Amino acid sequence: MAVQDIMPTWVGATAKQIARGVRRGDVSATQVVADHLDHIARADADLAAFRTVRGGEAITEAEKVDEQEDLANLPLAGVPVAVKENTPVAGLPTWNGSAAVRTPVAEADHEVVRRLRGAGAVIMGVTRMPELGLWALTDDETAVTRNPWNTGRTPGGSSGGAAAAVAAGLVPIAHGNDGLGSIRIPAACCGLIGLKPGRGVVPCQLGADDWFGLTEHGMLTTTVADAAVGFSVLAGRRPDKLVPPQRLRVGVSLRSPVRGVSPDAPNRDAVATAGRLLAAAGHDTVPADPVYPTRLGLQGIATWFAAAAADVQAAEIDRRSLQRRSRRHVALGEWAQRRGYVREADRAAWRERSVGFFTDHSVDLLLTPALAGPPPEAAGWSVRSWRANMAANIRYAPYAAPWNIAGLPSIVVPVGRRPDGLPVAVQLVGPPGSELLLLGVAGQFEMAAPWPRHAPGYPRVGTGSPAVA
């Protein structure tokens, strides 16, 4: 494994530390970006987090940040940021997870990329994802993306490259998007904060129709403060100062949305740990199980299939060029559409039930496991069967998808380690408009039980580093 020596460098600093240093004149954006490009060159050969790195272009972009006169108004001044490869970045192809679904060089930035640049961020490149964003496993015919905590394990998906990049300190924060858990699952695999905003808070504009409205853009970060500033930038808001929430009533549930799949002991223990942290912060916890109807699972899976079919149809992709697992997925999506199994009425009914859960149980938030098991192996899942991919995805990551269908905000927060040393995390779900509340509770977890910000062996800010001067 390539390891960056501890030395005076801005690699390993948080986004807030970097932005403050650039605004005060302690460091130039150009130096920060150069530091990170050097670290990417050393470390990413082992991880395959990036599809494309914008070396010279990123330096030029950083120089333009340094020339600006209004640095005081840039919340991400000089901060290196990676963008998920299904989101257009001007001057780069939009890969969407494989050469088969790559689209031509984008002429303009996606709105979320425009907002990141407008906040002073420097786009370092685009990170890898599985084909069409369909899987919680990140690889294609060119590379297997690996988890910095254990390179034999996947970083999850579909924002797997983004999570690997942040966990290894290749960038302090990274953009991702979440259609059925694609921010929160990698965050849980890699020990990061992953916030999925509620529906409509951040403009989506992906694929045919944002996966029937299930997809949201968000950020993967190592600290709650970085998550808060990243969220505010994507949402087009002024950064809000997080305050510790007043006494809350939090429902706790281990119930799995998928029949026959249950959380393993480390994930059950993680929920118990989170419950103790909530109690120590002055909150009340009560058992409160959502009623996941059987139809929700079937409808969610049918929507997953149909979203792939809709994207392929809209982009006029030759299905024969897709990976075998994706071809089967798309074919099932077309079948589900023909049979009328993908209905907005079903999604609306679950949204109504989900919003009602908080009033019915008199709770402010819901606490669940983030995952049911450890991240699967890092391997060539793209050449394995559809059945093998489906089984792996559903077996380890069933908890995220219901809240995309409901359109509710949810966040994944690290709370410790598994016996094998991998991170373990929990998920918090809130009613519409509760993003700042979720971040506030996450901040209480962070203060009471801080987590390692990067995977072992990857750069941390060391003694004498300008980032902590």
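A few remarks follow.
- Residue within the range 300-323 that is of a type in the set (Val, Ile, Thr) and open to solvent by 30 Å² or more (accessible area, probe 1.4 Å) present: yes
- Residue check, Ala235 more than 23 Å from the chain's Cα centre (by Cα), among the small types (Gly, Ala, Ser) and open to solvent by less than 60 Å² (accessible area, probe 1.4 Å): no
- Residue among Arg146, Arg128 that alone is under 26 Å from Gln31 (Cα atoms), charged (D, E, K, R) and at pLDDT 95 or above: Arg128
- The residue that is most open to solvent (accessible area, probe 1.4 Å), counting only those in the range 333-359 that are touching a residue at least 40 places away in the same chain (Cβ under 8 Å) and aliphatic (A, V, I, L, M), is Val355.
- Scan of the range 294-317 for residues that are in contact (Cβ under 8 Å) with a residue 60 or more places away in the chain and not small (Gly, Ala, Ser), ordered by number: Leu296, Gln299, Thr303, Trp304, Asp311, Val312, Gln313, Ile317
- Of all the listed residues (Val229, Val250), the sole one being touching a strand residue (DSSP E or B) at 6+ places or on another chain (Cβ under 8 Å), buried (at least 19 other Cβ atoms within 10 Å of the Cβ), of a type in the set (A, V, I, L, M, F, W, C) and not in a loop (DSSP other than H, G, I, E, B) is Val250.
- The one condition in (1) modelled with pLDDT of 95 or more; (2) touching a helix residue (DSSP H, G or I) at 6+ places or on another chain (Cβ under 8 Å); (3) among the hydroxyl-bearing types (Ser, Thr, Tyr) that Thr52 fails to fulfil: (2)
The values are calculated or read from the model by the stated rules, or taken from the named source; none is laboratory data. Remember, it's a predicted structure, so these values are computed and weren't measured experimentally. Here the Cβ is made from the backbone with ideal geometry for all residues, glycine too, and neighbour counts use every protein chain on show. We work out accessible area using only protein heavy atoms, side chains counted, and drop any ligands, DNA or RNA first. Shrake-Rupley method; radii C 1.70, N 1.55, O 1.52, S 1.80 Å.
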